[in-house]
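The values are calculated or read from the model by the stated rules, or taken from the named source; none is laboratory data. Remember, predicted model here, so these are calculated numbers, not experimental data. Calculation scope for accessible area: heavy atoms of the full protein, side chains included, ligands and nucleic acids excluded. Shrake-Rupley method; radii C 1.70, N 1.55, O 1.52, S 1.80 Å.
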Amino acid sequence: MVRFSDGQKPVRTAGEPQRTCIGCRRRDSQADLLRLVVSAADGASAVVVDEGRRLPGRGAWLHPDPDCMALAVKRRAFGRAFRANVDSRAVESYFHAQSTSNLKAGQKTDGNPMSAKR
């Protein structure tokens, strides 16, 4: 596959699929992104993380980075990506659970999800 970079020079990419993050809008390999899908439960549509990448339906892609998540929420990217009004709280709680599970016992945070202060 050939694509053009900003300088209009051809850049060869490997055969791996490329996807665009709905938060930062950067293209990256599919393996480096989280797949998100809409799950309809109790009449409400909620966005969930598709860890197995096998759930049916329209998918959207997001870097596993809290900054990209914050950008996606700020830009209201979930509604545009899924072409519907959706609730993104499940994805936000997924990121919160990931950040708290990365802390070691006895550590406290300073409010920044990317750092841990003792």
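When you work out D = kT/(6 pi eta Rh) for segment 45-93 at 4 °C and 1.567 mPa s, using the Kirkwood radius from C-alpha pairs as Rh and the Stokes-Einstein form, the result is 115 µm²/s.
Database remark: amide H of Gly23 closer than 5 angstrom to the amide H of His63 (H placed geometrically; neighbours at sequence offset of 5 or more, or on other chains; Pro and chain starts carry no H). Our coupling estimate for segment 61-68, obtained by passing each phi through the Karplus curve with A = 6.51, B = -1.76, C = 1.60 and θ = phi - 60°, is 10, 8, 5, x, 10, x, 5, 5 Hz, Gly and Pro reported as x.
On full extension, the segment bounded by Glu16 and Arg58 gains 13.1 nm, given 0.36 nm per residue less the C-alpha separation.
To put it simply, the accessible area of segment 12-55 at a 1.4 Å probe is 43 percent carbon and sulfur.
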